[in-house]
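Below: the structure, in structure tokens.
The values are calculated or read from the model by the stated rules, or taken from the named source; none is laboratory data. Everything numeric in this text was worked out from a predicted model, so none of it was measured. Cβ atoms come from the backbone with ideal geometry, glycine included; neighbour counts cover every protein chain shown. Ligands, DNA and RNA are stripped out before the accessible areas are found, and what is left, the full protein with its side chains, is counted by its heavy atoms. Shrake-Rupley method; radii C 1.70, N 1.55, O 1.52, S 1.80 Å.
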Amino acid sequence: MTIIAAWVLVCIVWILLSALPAGLEARMPMPYLIALIPFLWVPSLVLAALAAWAGEWGAACPLLVVALSASSRRIEYWGKGFRTRPTLGDRIAAKARGVATGGTTAGGASREASRDGGRGAASVCAPSSLRLMTLNCRYGRADADQIVREVRGRGIDVLALQEVSDDLLARLDAAGIGDVLPYRQSGEPKAEVDNGGYNVLFSAYEPAAATASVVMIPAADVPAITLRLADGRTATIASAHPRSPMRGCADWSAGIIGLGELARAEHIGDRNIAVVMGDLNSSTEHPSFRALLRSGFRDASLTQGRGPNLTFPRWTPWPRIELDHILATPGVSFRGVESFVVNDTDHLALTGTIALKLK
């Protein structure tokens with residue numbers, strides 16, 4: 001009983017870390033402890049089963065509550081998507097506080113690849129739905145040939161890559177990326193903040209505008225392109241990779257929260273669309289990520305409501321966490337969100353379709 005009581009107390013404190021105000025979790029090792037919260041149900045359920053077998057229901061019930069609390073944010077992936085309503089973990093935290101909760105090259109210069117063969121290369125507007133894909137390329141080691149095959153086979157319209165190297169770009173060009181996605185925009189390489197490489201976007205449709213960094217965060221540049229859509233709206237799509245906590249917790253949190261500036265940008269307003277794709281080094285357990293969602297973004301996997309798409313690490317089916325995301329502001333629906341393996345990288349790729357909602 002003493003061991004069980006100690007474990008319940010440890011788990012309650014552990015789960016409460018996820019309910020801290022955004023930014024206060026930016027101290028080692030809290031980002032990593034928070035990322036592990038969804039797995040606390042395993043030892044808690046085992047202990048609950050042992051307690052029940054021994055007839056100790058007074059111990060089994062608190063353990064079951066802990067297991068449910070630890071899983072509450074994962075359960076949301078099977079619902080109607082993230083809203084700002086409090087989860088069970090939030091309510092426990094609030095009660096504890098006594099609060100009621102109700103085209104460029106690596107150098108960044110513009111470059112336009114061959115327009116021949118690009119889907120939509122001659123079009124003025126992109127269609128009302130876009131097939132998207134994002135991948136962390138693990139220091140540029142990802143299999144370039146497979147990336148191009150996946151782009152072709154899955155009909156990808158916009159590809160966001162993180163941790164890109166000059167060598168990977170050369171291999172992608174050799175594999176024919178320009179034949180299917182002829183337009184690109186990259187951030188400028190900055191070794192001191194790149195977190196493994198720079199970010200790049202590839203598009204099948206000619207951008208109306210492009211920039212090497214659409215928002216300033218303490219991490220790799222956040223390149224973005226703006227596409228004109230069929231109904232006259234625009235979609236500004238960015239590839240992002242906030243720093244990992246091990247490279248600086250304060251910068252990690254500030255980078256995640258700072259991406260919310262795109263959702264609040266004047267040119268987005270309440271009509272146009274903002275999309276952020278990438279390895280965001282965070283999950284719904286992290287207060288900083290939930291603050292990003294509250295800035296105006298919706299997460300594709302959460303909104304689709306068919307379960308989480310766990311993307312890291314690639315080499316084991318369990319345990320995995322959801323570090324890679326497709327986010328968009330209101331005005332679109334999500335479908336076909338799924339993750340899949342790309343060789344020679346440590347993340348799974350994430351893909352999904354956004355479709356404009358009629359105004």
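In nanometres, what is the gap between the two model label sites at TYR139 and ARG27, each 7 Å from Cα along Cα-to-Cβ?
It is 3.2 nm.
Scan [x] 0.93; [y] 1.01; [z] 0.96 for the value of Rg/Rh (Cα atoms, Kirkwood Rh) calculated from this model and give just the label.
[y]
Would you work out the charge dipole size for the range 265-359 about its Cα centre, treating the Cβ of every Lys and Arg as +1 and the Cβ of every Asp and Glu as -1, and quote it to the nearest 20 debye?
Approximately 460 debye in magnitude.
How far apart, in nm, are the 7 Å Cα→Cβ label points at ALA250 and ARG149?
4.6
Summarise the accessible area of the range 203-280 (1.4 Å probe, protein heavy atoms) by the percent that is carbon and sulfur.
Exposed carbon and sulfur together represent 50 percent of the surface.
Put a dot 7 Å past each Cα toward the Cβ at ALA6 and MET216; how far apart are the dots in nm?
Between MET216 and ALA6, the label points sit 5.1 nm apart.
Using a 10 Å cut-off on Cβ atoms, rank the peptides 16-27, 275-286, 327-338 from the highest mean neighbour count down.
In decreasing order of mean packing, 16-27, 275-286, 327-338 become 275-286, 327-338, 16-27.
What accessible area per residue, rounded to a whole number of Å², is obtained for the chain using a probe radius of 1.4 Å?
Dividing the accessible area of the chain by its residue count gives 41 Å².
Can you work out the PRE-style zone for ASP167? Point 7 Å along Cα to Cβ, and I want the residues of the range 233-249 with backbone N under 18 Å.
none
Ordered by packing density, taken as the mean number of other Cβ atoms within 10 Å over each peptide's residues, highest first, how do 320-326, 4-10 rank?
320-326, 4-10
Dipole size in debye (nearest 20) for the chain around its Cα centre, Lys and Arg Cβ +1, Asp and Glu Cβ -1?
On the way: 36 positive and 33 negative charges, 253 e Å.
In total the dipole reaches around 1220 debye.
So how strong a dipole does the range 114-267 carry about its Cα centre when Lys and Arg Cβ are +1 and Asp and Glu Cβ are -1, to the nearest 20 debye?
Dipole about the Cα centre, nearest 20: 380 debye.
Near the amide H of GLY23, under 5 Å away, which other amide H atoms are found, from residues 5 or more places off or on another chain, if H is placed in the peptide plane?
Answer set, sorted by chain and number: SER288.
For the range 281-359, what % of the accessible area comes from carbon and sulfur atoms, probe 1.4 Å?
52
By per-residue mean of other Cβ atoms within 10 Å, what is the highest-first order of 187-196, 253-262?
Peptide ranking by packing, descending: 253-262, 187-196.
What is the antiparallel percent of DSSP beta bridges lying wholly in the chain, to the nearest 5? Before the final figure, lay out the partial values.
Details: 40 of 52 bridges.
Given both bridge residues lie in the chain, the antiparallel proportion sits at roughly 75 percent.
Would you mind classifying the range 217-337 by shape? Square roots of the alpha carbon gyration tensor eigenvalues, ordered a ≥ b ≥ c; an a/c under 1.5 is rounded, otherwise it is prolate if a/b is larger than b/c and oblate if not.
Working: a/c = 1.98, a/b = 1.31, b/c = 1.51.
Since a/c reaches 1.5 but b/c is at least a/b, the shape of the range 217-337 is classed as oblate.
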